[in-house]
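Take a look at the structure below.
The values are calculated or read from the model by the stated rules, or taken from the named source; none is laboratory data. Because the structure is predicted, anything quoted here is derived from the model rather than measured. Backbone-built Cβ (ideal geometry, glycine too); neighbour counts: all protein chains shown. Just the protein is used for accessible areas: all its heavy atoms, side chains included, with ligands, DNA and RNA removed. Shrake-Rupley method; radii C 1.70, N 1.55, O 1.52, S 1.80 Å.
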Amino acid sequence: MSKDLITTPSEELVLNSRGYHLLKKLGEGSYAKVYLTDFKNPKDPDKVMQLACKVIDTSKAPKDFVKKFLPRELDILVKLNHPHIVHIQNIFQRRNKYFIFMRFAENGDLLEFIVKKGAVSEAQSRVWLRQICLAVQYMHEMEIAHRDLKCENALITNNYNLKLADFGFSRFVIDASGKRVTSETYCGSLSYAAPEILRGIPYHGKIADIWSIGVILYIMLNKAMPFDDGNIKKLYEQQTNKRWRFRAKVADSLSEQVKKLTGHCLEPDVTKRWKIEQILTSDWIAMDPRLLELNAAEKAAIKDKAERKKKKEKKIKEKETKTEVEEEYKGLNKQRIKHLKHEKNSHQVAMDKKTKLAVEYLTLWKEDKTNWKFKSLRESFLIYNSCNPVLLPDDYFDLTLEYLCSIKGVLRNKVVEVAKKVKEGDVSLQRAKLILEKFTE
Ligand SMILES: Nc1ncnc2c1ncn2[C@@H]1O[C@H](COP(=O)(O)OP(=O)(O)OP(=O)(O)O)[C@@H](O)[C@H]1O
(Lines give C-alpha, C1' and ligand atoms only; values in the text may rest on other atoms or scores of the structure.)
Protein backbone atom coordinates (compact mmCIF):
# COMPACT_ATOMS: atom_id res chain seq x y z
CA MET A 1 0.00 0.00 0.00
CA SER A 2 1.45 3.32 -1.07
CA LYS A 3 2.14 5.68 1.83
CA ASP A 4 0.44 8.66 0.23
CA LEU A 5 -2.93 6.95 0.73
CA ILE A 6 -4.97 8.57 3.48
CA THR A 7 -7.51 5.83 4.11
CA THR A 8 -7.74 4.02 7.45
CA PRO A 9 -7.85 0.18 7.55
CA SER A 10 -11.59 0.26 8.34
CA GLU A 11 -12.27 2.61 5.40
CA GLU A 12 -10.27 0.29 3.18
CA LEU A 13 -12.36 -2.66 4.28
CA VAL A 14 -15.55 -0.82 3.35
CA LEU A 15 -14.12 0.38 0.04
CA ASN A 16 -12.85 -3.10 -0.84
CA SER A 17 -16.18 -4.68 0.01
CA ARG A 18 -17.76 -2.38 -2.56
CA GLY A 19 -15.16 -3.31 -5.16
CA TYR A 20 -12.92 -0.21 -4.89
CA HIS A 21 -9.13 -0.42 -4.43
CA LEU A 22 -7.30 2.88 -4.13
CA LEU A 23 -3.89 2.55 -5.80
CA LYS A 24 -1.85 5.76 -5.98
CA LYS A 25 -2.20 9.52 -5.73
CA LEU A 26 -2.90 11.27 -9.03
CA GLY A 27 -3.08 14.82 -7.82
CA GLU A 28 -4.20 17.02 -5.03
CA GLY A 29 -5.98 20.29 -4.51
CA SER A 30 -6.66 22.48 -1.52
CA TYR A 31 -8.86 20.10 0.46
CA ALA A 32 -8.86 16.91 -1.55
CA LYS A 33 -6.56 14.19 -2.79
CA VAL A 34 -7.30 12.26 -5.95
CA TYR A 35 -6.35 8.58 -6.32
CA LEU A 36 -6.18 6.12 -9.17
CA THR A 37 -8.63 3.38 -8.24
CA ASP A 38 -9.41 -0.11 -9.49
CA PHE A 39 -13.07 -0.98 -9.49
CA LYS A 40 -14.32 -4.54 -9.66
CA ASN A 41 -18.08 -4.66 -9.80
CA PRO A 42 -19.00 -7.37 -7.23
CA LYS A 43 -21.63 -8.60 -9.74
CA ASP A 44 -19.07 -8.91 -12.52
CA PRO A 45 -15.69 -9.46 -10.79
CA ASP A 46 -13.80 -10.44 -13.96
CA LYS A 47 -14.00 -6.89 -15.28
CA VAL A 48 -11.66 -4.32 -13.74
CA MET A 49 -12.33 -0.66 -14.43
CA GLN A 50 -9.96 2.20 -13.67
CA LEU A 51 -11.48 5.19 -11.93
CA ALA A 52 -10.27 8.28 -10.12
CA CYS A 53 -11.39 8.79 -6.53
CA LYS A 54 -11.45 12.23 -4.96
CA VAL A 55 -11.19 11.92 -1.19
CA ILE A 56 -12.31 14.92 0.82
CA ASP A 57 -11.46 14.85 4.51
CA THR A 58 -13.86 17.30 6.16
CA SER A 59 -12.00 17.16 9.47
CA LYS A 60 -9.06 18.86 7.75
CA ALA A 61 -11.04 21.45 5.82
CA PRO A 62 -12.26 24.87 6.95
CA LYS A 63 -15.84 25.29 8.18
CA ASP A 64 -17.12 27.37 5.26
CA PHE A 65 -15.83 24.73 2.83
CA VAL A 66 -17.62 21.92 4.70
CA LYS A 67 -20.84 23.86 5.30
CA LYS A 68 -21.11 25.86 2.09
CA PHE A 69 -18.92 24.73 -0.79
CA LEU A 70 -18.90 20.95 -0.34
CA PRO A 71 -22.72 20.56 -0.20
CA ARG A 72 -22.97 22.77 -3.31
CA GLU A 73 -20.36 20.65 -5.12
CA LEU A 74 -22.16 17.40 -4.28
CA ASP A 75 -25.54 18.83 -5.22
CA ILE A 76 -24.25 20.10 -8.55
CA LEU A 77 -22.19 16.99 -9.39
CA VAL A 78 -25.22 14.72 -9.41
CA LYS A 79 -27.09 17.09 -11.73
CA LEU A 80 -24.43 17.21 -14.45
CA ASN A 81 -24.41 14.78 -17.34
CA HIS A 82 -22.40 15.95 -20.33
CA PRO A 83 -19.74 14.37 -22.58
CA HIS A 84 -17.27 17.14 -21.71
CA ILE A 85 -17.83 17.00 -17.97
CA VAL A 86 -16.11 14.27 -15.99
CA HIS A 87 -18.59 11.45 -15.35
CA ILE A 88 -19.34 10.68 -11.69
CA GLN A 89 -19.70 6.94 -11.08
CA ASN A 90 -20.53 6.98 -7.37
CA ILE A 91 -20.34 9.15 -4.27
CA PHE A 92 -20.34 7.98 -0.70
CA GLN A 93 -19.57 9.25 2.72
CA ARG A 94 -17.98 7.48 5.64
CA ARG A 95 -17.66 9.44 8.87
CA ASN A 96 -15.76 12.62 7.98
CA LYS A 97 -14.64 11.55 4.54
CA TYR A 98 -16.36 11.82 1.18
CA PHE A 99 -15.34 9.52 -1.67
CA ILE A 100 -16.21 10.73 -5.14
CA PHE A 101 -15.57 8.09 -7.80
CA MET A 102 -15.29 9.41 -11.31
CA ARG A 103 -14.00 8.58 -14.74
CA PHE A 104 -10.20 8.41 -14.80
CA ALA A 105 -8.60 10.84 -17.24
CA GLU A 106 -5.62 8.88 -18.53
CA ASN A 107 -3.72 11.87 -19.88
CA GLY A 108 -3.85 14.00 -16.73
CA ASP A 109 -4.84 17.63 -16.70
CA LEU A 110 -4.29 20.33 -19.31
CA LEU A 111 -1.66 22.16 -17.28
CA GLU A 112 0.48 19.01 -16.91
CA PHE A 113 0.06 18.41 -20.64
CA ILE A 114 1.24 21.91 -21.57
CA VAL A 115 4.16 21.78 -19.13
CA LYS A 116 5.24 18.44 -20.59
CA LYS A 117 4.48 18.91 -24.29
CA GLY A 118 4.67 22.68 -24.78
CA ALA A 119 2.16 25.10 -26.29
CA VAL A 120 -0.89 23.52 -27.92
CA SER A 121 -1.30 23.95 -31.69
CA GLU A 122 -4.03 26.35 -32.80
CA ALA A 123 -6.05 23.52 -34.38
CA GLN A 124 -5.93 21.39 -31.19
CA SER A 125 -6.67 24.46 -29.02
CA ARG A 126 -9.78 25.04 -31.13
CA VAL A 127 -11.01 21.49 -30.48
CA TRP A 128 -10.29 21.71 -26.76
CA LEU A 129 -11.62 25.22 -26.23
CA ARG A 130 -14.85 24.23 -27.98
CA GLN A 131 -15.18 21.21 -25.66
CA ILE A 132 -14.64 23.39 -22.57
CA CYS A 133 -17.14 25.94 -23.91
CA LEU A 134 -19.79 23.29 -24.63
CA ALA A 135 -19.46 22.05 -21.03
CA VAL A 136 -19.65 25.63 -19.71
CA GLN A 137 -22.61 26.44 -21.98
CA TYR A 138 -24.40 23.38 -20.59
CA MET A 139 -23.74 24.60 -17.05
CA HIS A 140 -24.66 28.22 -17.79
CA GLU A 141 -27.96 27.11 -19.31
CA MET A 142 -28.63 25.27 -16.06
CA GLU A 143 -27.86 28.58 -14.32
CA ILE A 144 -24.68 27.19 -12.77
CA ALA A 145 -21.40 29.11 -12.86
CA HIS A 146 -18.20 27.05 -12.54
CA ARG A 147 -16.13 29.81 -10.91
CA ASP A 148 -12.86 27.84 -10.95
CA LEU A 149 -12.11 27.29 -14.62
CA LYS A 150 -8.40 26.67 -15.08
CA CYS A 151 -6.07 24.33 -16.94
CA GLU A 152 -5.75 22.02 -13.90
CA ASN A 153 -9.52 21.47 -13.98
CA ALA A 154 -9.61 20.41 -17.64
CA LEU A 155 -8.78 16.71 -17.76
CA ILE A 156 -7.58 14.82 -20.83
CA THR A 157 -8.81 11.30 -21.65
CA ASN A 158 -6.91 8.59 -23.55
CA ASN A 159 -8.59 9.80 -26.78
CA TYR A 160 -7.45 13.35 -26.11
CA ASN A 161 -10.89 14.67 -25.31
CA LEU A 162 -11.29 17.28 -22.56
CA LYS A 163 -13.51 16.78 -19.53
CA LEU A 164 -14.24 19.60 -17.13
CA ALA A 165 -13.76 18.70 -13.46
CA ASP A 166 -13.74 20.16 -9.94
CA PHE A 167 -17.02 21.83 -9.13
CA GLY A 168 -15.90 22.85 -5.66
CA PHE A 169 -16.68 26.52 -6.27
CA SER A 170 -19.63 26.06 -8.61
CA ARG A 171 -22.93 27.58 -7.63
CA PHE A 172 -26.41 28.30 -8.91
CA VAL A 173 -26.66 31.89 -10.09
CA ILE A 174 -30.41 32.19 -9.61
CA ASP A 175 -32.24 31.68 -6.34
CA ALA A 176 -35.33 29.55 -5.66
CA SER A 177 -37.62 32.30 -6.92
CA GLY A 178 -35.67 32.60 -10.17
CA LYS A 179 -33.99 35.89 -9.20
CA ARG A 180 -30.43 36.37 -10.47
CA VAL A 181 -27.87 36.44 -7.67
CA THR A 182 -24.37 37.84 -7.73
CA SER A 183 -21.35 36.35 -6.02
CA GLU A 184 -19.27 38.03 -3.44
CA THR A 185 -16.91 35.27 -2.44
CA TYR A 186 -13.53 35.44 -4.06
CA CYS A 187 -13.17 32.02 -5.69
CA GLY A 188 -10.71 30.17 -7.84
CA SER A 189 -7.16 30.88 -8.72
CA LEU A 190 -5.75 34.40 -8.91
CA SER A 191 -4.23 33.92 -12.38
CA TYR A 192 -7.66 33.09 -13.83
CA ALA A 193 -9.70 35.60 -11.81
CA ALA A 194 -11.55 38.35 -13.69
CA PRO A 195 -10.84 42.00 -12.76
CA GLU A 196 -14.31 42.46 -11.25
CA ILE A 197 -13.48 39.67 -8.78
CA LEU A 198 -10.22 41.35 -7.81
CA ARG A 199 -12.07 44.62 -7.32
CA GLY A 200 -14.01 42.86 -4.55
CA ILE A 201 -17.45 43.97 -5.68
CA PRO A 202 -20.38 41.58 -6.28
CA TYR A 203 -19.82 39.87 -9.63
CA HIS A 204 -21.67 37.64 -12.06
CA GLY A 205 -20.29 34.09 -12.00
CA LYS A 206 -21.12 33.32 -15.63
CA ILE A 207 -19.41 36.46 -16.94
CA ALA A 208 -16.34 35.80 -14.78
CA ASP A 209 -16.18 32.25 -16.23
CA ILE A 210 -15.62 33.73 -19.70
CA TRP A 211 -12.57 35.64 -18.46
CA SER A 212 -11.10 32.37 -17.15
CA ILE A 213 -11.78 30.75 -20.53
CA GLY A 214 -9.77 33.58 -22.13
CA VAL A 215 -6.88 32.86 -19.75
CA ILE A 216 -7.03 29.12 -20.57
CA LEU A 217 -6.98 29.90 -24.32
CA TYR A 218 -4.01 32.21 -23.88
CA ILE A 219 -2.08 29.60 -21.85
CA MET A 220 -2.77 26.85 -24.41
CA LEU A 221 -1.43 28.96 -27.27
CA ASN A 222 1.54 30.53 -25.46
CA LYS A 223 2.60 28.09 -22.75
CA ALA A 224 2.69 31.19 -20.55
CA MET A 225 0.34 33.21 -18.37
CA PRO A 226 -1.14 36.41 -19.85
CA PHE A 227 -0.53 38.44 -16.69
CA ASP A 228 2.00 38.57 -13.91
CA ASP A 229 0.04 37.60 -10.80
CA GLY A 230 2.83 38.23 -8.30
CA ASN A 231 1.09 41.36 -7.06
CA ILE A 232 -2.69 41.82 -7.05
CA LYS A 233 -2.60 45.57 -7.66
CA LYS A 234 -0.30 45.16 -10.62
CA LEU A 235 -2.34 42.25 -11.93
CA TYR A 236 -5.51 44.34 -11.79
CA GLU A 237 -3.81 47.23 -13.62
CA GLN A 238 -2.56 44.90 -16.36
CA GLN A 239 -6.04 43.35 -16.75
CA THR A 240 -7.95 46.62 -16.90
CA ASN A 241 -5.44 48.28 -19.24
CA LYS A 242 -5.38 45.21 -21.50
CA ARG A 243 -1.65 44.93 -20.98
CA TRP A 244 -1.08 41.47 -22.37
CA ARG A 245 0.28 40.22 -25.68
CA PHE A 246 0.94 36.96 -27.44
CA ARG A 247 4.48 35.73 -27.07
CA ALA A 248 6.75 36.68 -29.97
CA LYS A 249 7.42 32.99 -30.56
CA VAL A 250 3.83 32.28 -31.54
CA ALA A 251 2.37 35.68 -32.43
CA ASP A 252 3.20 35.52 -36.13
CA SER A 253 1.85 32.04 -36.67
CA LEU A 254 -1.47 32.57 -34.89
CA SER A 255 -4.60 33.58 -36.83
CA GLU A 256 -6.15 36.99 -36.43
CA GLN A 257 -9.40 35.22 -35.48
CA VAL A 258 -7.91 33.59 -32.39
CA LYS A 259 -6.23 36.80 -31.32
CA LYS A 260 -9.52 38.68 -31.57
CA LEU A 261 -11.40 35.97 -29.70
CA THR A 262 -8.85 36.03 -26.86
CA GLY A 263 -9.40 39.79 -26.63
CA HIS A 264 -13.20 39.38 -26.46
CA CYS A 265 -12.79 36.99 -23.53
CA LEU A 266 -10.13 39.06 -21.74
CA GLU A 267 -12.40 42.11 -21.95
CA PRO A 268 -12.31 44.03 -18.65
CA ASP A 269 -15.69 45.68 -19.35
CA VAL A 270 -18.24 43.07 -18.27
CA THR A 271 -20.90 44.52 -20.55
CA LYS A 272 -18.68 44.01 -23.59
CA ARG A 273 -17.19 40.64 -22.67
CA TRP A 274 -18.45 37.90 -24.95
CA LYS A 275 -21.02 35.31 -23.93
CA ILE A 276 -20.40 31.59 -24.26
CA GLU A 277 -22.61 31.33 -27.39
CA GLN A 278 -20.55 34.00 -29.14
CA ILE A 279 -17.38 31.99 -28.59
CA LEU A 280 -18.97 28.80 -29.89
CA THR A 281 -20.18 30.52 -33.05
CA SER A 282 -17.09 32.69 -33.52
CA ASP A 283 -15.11 32.99 -36.77
CA TRP A 284 -12.29 31.16 -35.08
CA ILE A 285 -14.35 28.06 -34.27
CA ALA A 286 -15.88 28.28 -37.77
CA MET A 287 -12.39 27.92 -39.29
CA ASP A 288 -13.02 24.20 -38.75
CA PRO A 289 -16.65 23.89 -39.94
CA ARG A 290 -16.97 20.39 -38.41
CA LEU A 291 -16.76 22.05 -35.01
CA LEU A 292 -19.94 24.02 -35.62
CA GLU A 293 -21.90 20.76 -35.53
CA LEU A 294 -22.70 18.83 -32.39
CA ASN A 295 -21.82 15.13 -32.27
CA ALA A 296 -24.34 12.50 -31.12
CA ALA A 297 -23.23 12.55 -27.46
CA GLU A 298 -23.30 16.36 -27.33
CA LYS A 299 -26.81 16.42 -28.82
CA ALA A 300 -27.97 13.71 -26.39
CA ALA A 301 -26.77 15.80 -23.41
CA ILE A 302 -28.86 18.77 -24.57
CA LYS A 303 -31.93 16.56 -25.09
CA ASP A 304 -31.49 14.98 -21.67
CA LYS A 305 -31.16 18.42 -20.04
CA ALA A 306 -34.28 19.70 -21.80
CA GLU A 307 -36.28 16.66 -20.68
CA ARG A 308 -35.13 17.02 -17.08
CA LYS A 309 -36.02 20.72 -17.17
CA LYS A 310 -39.50 19.91 -18.48
CA LYS A 311 -40.04 17.35 -15.73
CA LYS A 312 -38.89 19.82 -13.09
CA GLU A 313 -41.19 22.55 -14.42
CA LYS A 314 -44.11 20.10 -14.44
CA LYS A 315 -43.41 19.21 -10.83
CA ILE A 316 -43.26 22.91 -9.83
CA LYS A 317 -46.52 23.58 -11.67
CA GLU A 318 -48.24 20.68 -9.94
CA LYS A 319 -47.03 21.97 -6.58
CA GLU A 320 -48.24 25.47 -7.41
CA THR A 321 -51.66 24.20 -8.50
CA LYS A 322 -51.99 22.30 -5.24
CA THR A 323 -51.10 25.36 -3.21
CA GLU A 324 -53.42 27.50 -5.27
CA VAL A 325 -56.35 25.19 -4.62
CA GLU A 326 -55.54 25.12 -0.91
CA GLU A 327 -55.08 28.88 -0.76
CA GLU A 328 -58.24 29.38 -2.72
CA TYR A 329 -60.15 27.33 -0.21
CA LYS A 330 -58.59 29.06 2.76
CA GLY A 331 -59.19 32.45 1.25
CA LEU A 332 -62.86 31.93 0.72
CA ASN A 333 -65.00 34.08 2.94
CA LYS A 334 -68.68 33.68 3.32
CA GLN A 335 -69.57 36.37 0.85
CA ARG A 336 -67.21 35.02 -1.78
CA ILE A 337 -68.63 31.55 -1.23
CA LYS A 338 -72.12 32.86 -1.79
CA HIS A 339 -70.98 34.64 -4.90
CA LEU A 340 -69.18 31.61 -6.30
CA LYS A 341 -72.10 29.40 -5.47
CA HIS A 342 -74.34 31.67 -7.39
CA GLU A 343 -71.92 31.66 -10.36
CA LYS A 344 -71.60 27.90 -10.21
CA ASN A 345 -75.31 27.45 -10.16
CA SER A 346 -75.58 29.70 -13.15
CA HIS A 347 -72.82 27.61 -14.83
CA GLN A 348 -70.56 30.62 -15.14
CA VAL A 349 -67.67 29.42 -13.12
CA ALA A 350 -65.04 27.46 -14.99
CA MET A 351 -63.70 24.48 -13.16
CA ASP A 352 -60.01 24.74 -12.43
CA LYS A 353 -57.66 22.10 -13.91
CA LYS A 354 -57.51 20.05 -10.74
CA THR A 355 -61.24 19.99 -10.22
CA LYS A 356 -61.70 18.91 -13.84
CA LEU A 357 -59.29 16.03 -13.27
CA ALA A 358 -61.08 15.02 -10.13
CA VAL A 359 -64.35 15.03 -12.03
CA GLU A 360 -62.80 12.79 -14.70
CA TYR A 361 -61.62 10.29 -12.11
CA LEU A 362 -64.95 10.38 -10.35
CA THR A 363 -66.81 9.78 -13.60
CA LEU A 364 -64.73 6.69 -14.21
CA TRP A 365 -65.34 5.53 -10.69
CA LYS A 366 -69.07 6.17 -10.97
CA GLU A 367 -69.28 4.04 -14.09
CA ASP A 368 -67.41 1.09 -12.67
CA LYS A 369 -67.45 1.29 -8.88
CA THR A 370 -66.68 -2.37 -8.24
CA ASN A 371 -63.74 -2.79 -10.59
CA TRP A 372 -62.30 0.67 -10.45
CA LYS A 373 -58.85 0.77 -8.92
CA PHE A 374 -56.90 3.94 -8.46
CA LYS A 375 -53.38 3.80 -9.80
CA SER A 376 -52.09 5.35 -6.65
CA LEU A 377 -53.20 7.29 -3.67
CA ARG A 378 -52.23 10.42 -5.57
CA GLU A 379 -55.53 10.40 -7.42
CA SER A 380 -57.42 9.91 -4.20
CA PHE A 381 -55.76 12.92 -2.65
CA LEU A 382 -56.33 14.83 -5.83
CA ILE A 383 -60.02 14.19 -5.46
CA TYR A 384 -59.88 15.05 -1.80
CA ASN A 385 -58.05 18.29 -2.47
CA SER A 386 -60.49 19.24 -5.16
CA CYS A 387 -63.39 18.59 -2.92
CA ASN A 388 -64.02 22.26 -2.71
CA PRO A 389 -67.73 22.37 -2.13
CA VAL A 390 -67.93 25.62 -3.96
CA LEU A 391 -66.11 24.75 -7.15
CA LEU A 392 -67.20 21.15 -7.53
CA PRO A 393 -70.60 20.63 -9.18
CA ASP A 394 -73.18 19.48 -6.61
CA ASP A 395 -73.64 15.97 -7.93
CA TYR A 396 -69.87 15.51 -8.04
CA PHE A 397 -69.52 16.84 -4.55
CA ASP A 398 -71.84 14.14 -3.29
CA LEU A 399 -69.99 11.62 -5.37
CA THR A 400 -66.70 12.74 -3.89
CA LEU A 401 -67.97 12.18 -0.40
CA GLU A 402 -69.34 8.81 -1.36
CA TYR A 403 -66.01 7.95 -2.92
CA LEU A 404 -64.01 9.13 0.06
CA CYS A 405 -66.26 7.16 2.31
CA SER A 406 -65.71 4.03 0.22
CA ILE A 407 -61.99 4.16 0.82
CA LYS A 408 -61.57 2.70 4.22
CA GLY A 409 -58.76 3.44 6.58
CA VAL A 410 -56.33 5.87 5.00
CA LEU A 411 -58.73 8.58 4.06
CA ARG A 412 -61.22 8.24 6.88
CA ASN A 413 -59.89 11.27 8.72
CA LYS A 414 -59.92 13.21 5.49
CA VAL A 415 -63.60 12.46 5.07
CA VAL A 416 -64.30 14.02 8.42
CA GLU A 417 -62.15 17.00 7.48
CA VAL A 418 -64.03 17.47 4.24
CA ALA A 419 -67.30 17.31 6.00
CA LYS A 420 -66.05 19.91 8.47
CA LYS A 421 -65.01 22.13 5.60
CA VAL A 422 -68.53 21.94 4.30
CA LYS A 423 -69.73 23.07 7.66
CA GLU A 424 -67.23 25.92 7.90
CA GLY A 425 -67.98 26.98 4.36
CA ASP A 426 -71.62 27.29 5.31
CA VAL A 427 -72.54 25.62 2.06
CA SER A 428 -75.43 23.88 3.61
CA LEU A 429 -75.48 23.35 7.30
CA GLN A 430 -78.24 20.89 6.94
CA ARG A 431 -76.30 18.84 4.49
CA ALA A 432 -73.06 19.11 6.44
CA LYS A 433 -74.79 17.78 9.50
CA LEU A 434 -76.10 14.83 7.59
CA ILE A 435 -72.72 14.17 6.05
CA LEU A 436 -70.95 14.40 9.38
CA GLU A 437 -73.37 11.99 10.93
CA LYS A 438 -73.07 9.64 8.00
CA PHE A 439 -69.32 9.61 7.85
CA THR A 440 -68.42 9.60 11.48
CA GLU A 441 -70.81 6.89 12.51
N1 LIG B 1 -10.76 12.11 -12.97
C2 LIG B 1 -9.46 12.38 -12.86
N3 LIG B 1 -8.54 11.71 -13.60
C4 LIG B 1 -7.23 12.01 -13.50
N5 LIG B 1 -6.73 12.96 -12.69
C6 LIG B 1 -7.57 13.66 -11.93
C7 LIG B 1 -8.98 13.41 -11.96
N8 LIG B 1 -9.59 14.27 -11.12
C9 LIG B 1 -8.62 15.01 -10.58
N10 LIG B 1 -7.41 14.66 -11.05
C11 LIG B 1 -6.11 15.28 -10.68
O12 LIG B 1 -6.19 15.72 -9.34
C13 LIG B 1 -6.00 17.15 -9.25
C14 LIG B 1 -6.86 17.72 -8.12
O15 LIG B 1 -8.22 17.45 -8.36
P16 LIG B 1 -9.36 18.52 -8.06
O17 LIG B 1 -9.04 19.75 -8.84
O18 LIG B 1 -10.67 17.90 -8.29
O19 LIG B 1 -9.10 18.76 -6.51
P20 LIG B 1 -9.45 20.06 -5.64
O21 LIG B 1 -8.98 19.84 -4.25
O22 LIG B 1 -10.88 20.37 -5.80
O23 LIG B 1 -8.56 21.15 -6.36
P24 LIG B 1 -8.54 22.76 -6.15
O25 LIG B 1 -7.89 23.04 -4.85
O26 LIG B 1 -7.74 23.22 -7.32
O27 LIG B 1 -9.95 23.23 -6.21
C28 LIG B 1 -6.37 17.66 -10.66
O29 LIG B 1 -5.73 18.86 -10.97
C30 LIG B 1 -5.88 16.50 -11.54
O31 LIG B 1 -4.49 16.60 -11.79
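Here are the numbers for this structure:
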| item | result |
| --- | --- |
| Distribution of pairwise C-alpha distances over segment 110-293, 10 Å bins, in % | 9, 39, 39, 12, 1, 0 |
| Solvent-accessible area, 1.4 Å probe, carbon plus sulfur percent, for segment 9-103 | 51 |
| Solvent exposure ordering (accessible area, 1.4 Å, most first) of Glu196, Glu293, Glu277 | Glu293, Glu277, Glu196 |
| Simple Cβ-charge dipole of segment 236-326, Lys/Arg +1 and Asp/Glu -1, about Cα centre, in debye nearest 20 | 260 |
| Residue list for segment 57-99, given a label point 7 angstrom along the Cα-to-Cβ vector of Ile6 and an amide N cut-off under 12 Å | 57-62, 96-99 |
| Net lengthening on full extension, Lys233/Ser191 (0.36 nm per residue, minus Cα-Cα) | 13.9 nm |
| Entries in Lys40/Lys305; Lys116/Lys150; Lys116/Lys260; Lys33/Lys60; Lys79/Lys312; Lys223/Lys259 that, when Cα-Cα distance is taken, lie over 19 Å | Lys40/Lys305; Lys116/Lys260 |
| List Val55, Val127, ordered by accessible area with a 1.4 Å probe, largest first | Val127, Val55 |
| Accessible surface, segment 107-259, averaged per residue in Å² (probe 1.4 Å) | 42 |
| Glu112 accessible area, 1.4 Å probe, all protein chains in place, Å² to nearest 10 | 80 |
| Residue-level accessible surface for Met142, protein heavy atoms, 1.4 Å, Å² | 40 |
| Largest to smallest accessible area among Arg290, Arg247 [probe 1.4 Å] | Arg290, Arg247 |
| Cβ-Cβ FRET estimate between Ile201 and Ser17, R0 fixed at 51 Å, reported to 0.05 | 0.50 |
| Residues Asp283 and Asp252, FRET efficiency given R0 of 25 Å [Cβ-Cβ distance, rounded to 0.05] | 0.85 |
| Nitroxide proxy distance, nm - points 7 Å out along Cα→Cβ at Lys366 and Arg72 | 5.5 |
| Debye-sum result for segment 174-244 in log10 I(q)/I(0), which assumes one identical scatterer on each alpha carbon, at q = 0.15, 0.16, 0.19, 0.24 Å⁻¹ | -0.51, -0.57, -0.76, -1.10 |
| Thr271 - accessible surface, heavy atoms, 1.4 Å probe, Å² rounded to 10 | 110 |
| Förster-model FRET efficiency, 41 Å R0, Lys24 and Leu294, C-beta, rounded to 0.05 | 0.65 |
| Residues of segment 281-312 with amide N under 12 Å of a point placed 7 Å along Cα→Cβ from Asn159 | 295-298 |
| Residues of segment 179-195 with amide N under 19 Å of a point placed 7 Å along Cα→Cβ from Thr271 | 182, 195 |
